[in-house]
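Below is one structure; the comments refer to it alone.
Where a number appears in this text, it was derived from the coordinates with a stated rule and is not lab data. All values reported here derive from a predicted model rather than from experimental measurement. As a convention, Cβ positions derive from the backbone with ideal geometry for all residues, glycine included, and neighbour counts pool all protein chains shown.
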Amino acid sequence: MLNAKISALGCYTPPRVLTNQDLEKLVDTNDQWIMERTGIRERHIAAPEMATSDMAIEAARCALAQRGIDATEINAIIVCTVTPDHMFPSTACLVQNGIGAKGAWGFDLIAACSGFVYGLTVGANLVMAGTHKKVLVIGADTMSRIIDYTDRATCVLFGDGAGAMLIEPAGEEDGGNGFIDFMGEIDGSGGNFLKMPAGGSRQPASHETVDQRLHYVHQEGSQVFKYASRKMHEVCRDLLQRNHLKVEDVGIMIPHQANKRIIMAAGERLGIAPERVMINIERYGNTTAGTLPLATRDAISEGRLKRGDIVLFAAVGAGYTVGASLWRWAF
Ligand code: UT7
């Protein structure tokens, strides 16, 4: 059967940086608490005129430039996001038009923090089906637009950013590098622990919903924390087992960056050496669908991910959504 590989990666983070010291001026918090409880030092925040599609377009252009191809070669665009520019049209349509991907089709994928892992597997399967030659998977979120900067329990956690990966068929020259496997799970019984209550068909926008600040992220942090630490470990363990791989076979684990303590707890339970777990939450916070491509870029630039290495992507997020995928890195 035809395999799929990740052939290029592009990222974008807006230039403005919001530090823990800046947040100390907005809410009753402090750098020490944020660092100790989350591992976050700063996050990037989009300028007012910038929306999710703008960041996605920047990331997509960067991936296309790295691969040296024109946007007209793209067959499909998947934008993973919970902060689309609009309820509709989809952000994928805006990106298609923005980069000039004439002839592509595409859609938005909502799976919160697991969005990018899900997008990657959908993209890989489109390629492996033999019907698509180039699929662009983008994770982009402008979390600052749905964060309540009077709520200290959530405003310290999130940032803005985007990343794009190109998926193509893997050939002889790739020497077996490419997609290995994916495992996912959703559990809607946890839906109330992390959500944006209003603005959809359940509670359409009204003066009342705005007054009650229901268009912002609401989270019961400790519930999500417990679930995420457990499931991140379980999905990675089960995926490795199914593929007869040992943790020592994994070159690098690239987990969703929601909280450094969740990542460390999951890594410890899995038994993977800490130096093989990518953590860059300190510089970006939680960018939701953007964390995996941003962390992958940093893993490459730090020399921790090279062609032929087995990479384990893993995420747990609102929904709940859970997912992990294994790839043998191809560039
Ligand atoms: O990516 C999607 C998935 N999301 C996540 O994975 C997030 C999961 N949850 C978490 O990361 C953590 O639960 C948080 C970082 C959100 C909170 O950490 P925690 O250790 O679970 O703290 P807590 O919510 O139990 O709060 C402990 C204390 C409370 O004070 P009291 O009631 O003990 O007096 C909070 O009010 O810390 C207080 N607190 C803060 N203090 C200073 C909460 N936020 C802050 C803050 N600064 N920003």
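Here are the numbers for this structure:
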| quantity | calculated |
| --- | --- |
| The stretch 3-174 - Debye-derived log10 I(q)/I(0), Cα point model, q = 0.15 Å⁻¹ | -0.81 |
| Mean Cβ count within 10 Å, highest first, over the residues of peptides 76-87, 103-114, 303-314 | 76-87, 103-114, 303-314 |
| Label-point gap, in nm, between THR72 and ASP28 - each point 7 angstrom along Cα→Cβ | 6.1 nm |
| Dipole in debye (nearest 20) - the stretch 3-174, about Cα centre, beta carbon charges: Lys, Arg +1; Asp, Glu -1 | 240 debye |
| Using distinct alpha-carbon pairs, which all enter the 1/r mean, Kirkwood radius of the chain in Å | 19.7 Å |
| Residues HIS215, HIS244, sorted so that the one with the fewest Cβ neighbours within 10 Å comes first | HIS244, HIS215 |
| Dipole of the chain, positive end: most advanced residue of VAL79, ASN280, ASN30 [Cβ charges, Cα centre] | ASN280 |
| Antiparallel %, DSSP beta bridges [both residues in the stretch 66-199], to 5 | 45 percent |
| Net charge of neighbours whose Cβ lies under 12 Å from the Cβ of GLU168, counting Lys and Arg as +1 and Asp and Glu as -1 | +1 |
| Global form of the stretch 256-331, assessed from the alpha-carbon gyration tensor, a/c cut-off 1.5 | rounded |
| From phi via Karplus (6.51, -1.76, 1.60), per-residue ³J(HN,Hα) for the stretch 267-274 in Hz, x at Gly/Pro | x, 5, 4, 6, x, 8, 4, x |
| Computed [θ] at 222 nm, deg cm²/dmol, the chain (DSSP H ≥ 4; -39,500 (n - 2.57); rounded to nearest 500) | -9500 deg cm²/dmol |
| Environment charge at ALA101 (Cβ cut-off 12 Å; Lys +1, Arg +1, Asp -1, Glu -1) | +1 |
| Within straight-line cross-link reach of LYS5, lysines at Cα separation under 30 Å, skipping those fewer than 8 residues along the same chain | LYS102, LYS133, LYS134, LYS231, LYS246, LYS260, LYS306 |
